[in-house]
Amino acid sequence: EDQVTQSPEALRLQEGESSSLNCSYTVSGLRGLFWYRQDPGKGPEFLFTLYSAGEEKEKERLKATLTKKESFLHITAPKPEDSATYLCAVQAFIRGAQKLVFGQGTRLTINP
Amino acid sequence: ETGVTQSPTHLIKTRGQQVTLRCSSQSGHNTVSWYQQALGQGPQFIFQYYREEENGRGNFPPRFSGLQFPNYSSELNVNALELDDSALYLCASSPGRYNEQFFGPGTRLTVL
């Protein structure tokens, strides 16, 4: 069964303190791994898609990397506005439909 | 370019009632997926519609049903509401079945 596990569940950092979020997955034939940002009470906002091991994508203070079993979201010198829940999802197929299988998310808080 | 929109924003129903949630997909997108997100959890796939036909379904009972219209907007219908149906319902559109999915703001459903 396709499964995604994110760690830690919650993370508090000081402004400027860099860290990484982890997403480990088991899926029968990875087609894509997605990172989303979600603010409280809102829909997820698309950040990155990664397709193959070794691939990296960057956007402002965020960098996503992918290995054969896990993905990392590195956040460099974060600011309070980076506070959000970060969701990881893998692309899986069920009878021709693409569905995203999500982890439970990492709740990130950046203190000023 | 208009993003994905959903209505209503919030809804309160009582157990046993029926509810219809609506979604307008992003311009140029022909695929809509629906997800249920319980508090503190990642979104769970309900089903996907591609060119007006259901294209895949997650582990949800038949009382969860949907429609997609010729303009690619979509509805999610839930019959015989249960307390556990209280959640944020998310609609996501994509330009094809296998592309990145872009989420709307969600509809918060409370069942009393």
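The values are calculated or read from the model by the stated rules, or taken from the named source; none is laboratory data. Note that the coordinates shown come from a computational prediction; the quantities given were computed from them, not determined experimentally. Cβ sites come from the backbone with ideal geometry, for glycine too, and all protein chains shown count toward neighbours.
A few notes on this one:
- Residue ID - farthest from the chain's Cα centre (by Cα), chosen from residues in the stretch B:80-95 that are surrounded by fewer than 24 Cβ atoms within 10 Å (Cβ to Cβ) and among the small types (Gly, Ala, Ser): B:Ala80
- Among the conditions (1) under 27 Å from B:Ala38 (Cβ atoms); (2) of a type in the set (D, E, K, R); (3) surrounded by fewer than 18 Cβ atoms within 10 Å (Cβ to Cβ); (4) free of Cβ contacts under 8 Å to residues at least 12 places away in the same chain, the only one that A:Arg12 does not satisfy is (4).
- Looking across the stretch A:33-44, the residues that are under 16 Å from A:Val101 (Cβ atoms) and facing chain B (nearest Cβ under 8 Å) come down to A:Phe34, A:Tyr36, A:Pro44.
- Any hit, the stretch B:56-70, residues being touching a residue at least 40 places away in the same chain (Cβ under 8 Å) and out of contact with any Asp or Glu (no Cβ under 7 Å at 6 or more places or on another chain): no
- Near pairs, Cβ below 9 angstrom, 6+ apart or cross-chain, from the stretch A:27-56 (in contact (Cβ under 8 Å) with a residue 24 or more places away in the chain) to any residue that is of a type in the set (Phe, Trp, Tyr) and not in a strand (DSSP E or B): A:Leu30/A:Tyr51; A:Arg31/A:Tyr51; A:Arg31/B:Tyr98; A:Gly32/A:Tyr51; A:Gly32/B:Tyr98; A:Leu33/A:Tyr51
- Considering the stretch A:71-112, the residues that are more than 15 Å from the chain's Cα centre (by Cα) and of a type in the set (Gly, Ala, Ser) include one that is nearest to the other protein chains (Cβ to nearest Cβ), namely A:Ala97.
- Test set (1) modelled with pLDDT under 95; (2) surrounded by fewer than 13 Cβ atoms within 10 Å (Cβ to Cβ); (3) more than 24 Å from A:Gln104 (Cβ to Cβ); (4) within 13 Å of chain A (Cβ to nearest Cβ) - B:Glu54 fails condition number: (2)
- Test result for A:Leu21, away from every other protein chain (no Cβ under 14 Å) and in contact (Cβ under 8 Å) with a residue 24 or more places away in the chain: no
- Taking the criterion of being small (Gly, Ala, Ser) and within 26 Å of B:Phe60 (Cβ to Cβ), the residues of the stretch A:61-112 that qualify are A:Ala89, A:Ala92, A:Gly96, A:Ala97, A:Gly103, A:Gly105.
- Wholly within the stretch B:73-112, strands (runs of 3 or more DSSP E) carrying at least 2 residues that are more than 14 Å from chain A (Cβ to nearest Cβ): B:74-78
- Restricting the stretch A:45-70 to residues that are within 14 Å of the chain's Cα centre (by Cα) and hydroxyl-bearing (Ser, Thr, Tyr), the residue that is nearest to the other protein chains (Cβ to nearest Cβ) is A:Thr49.
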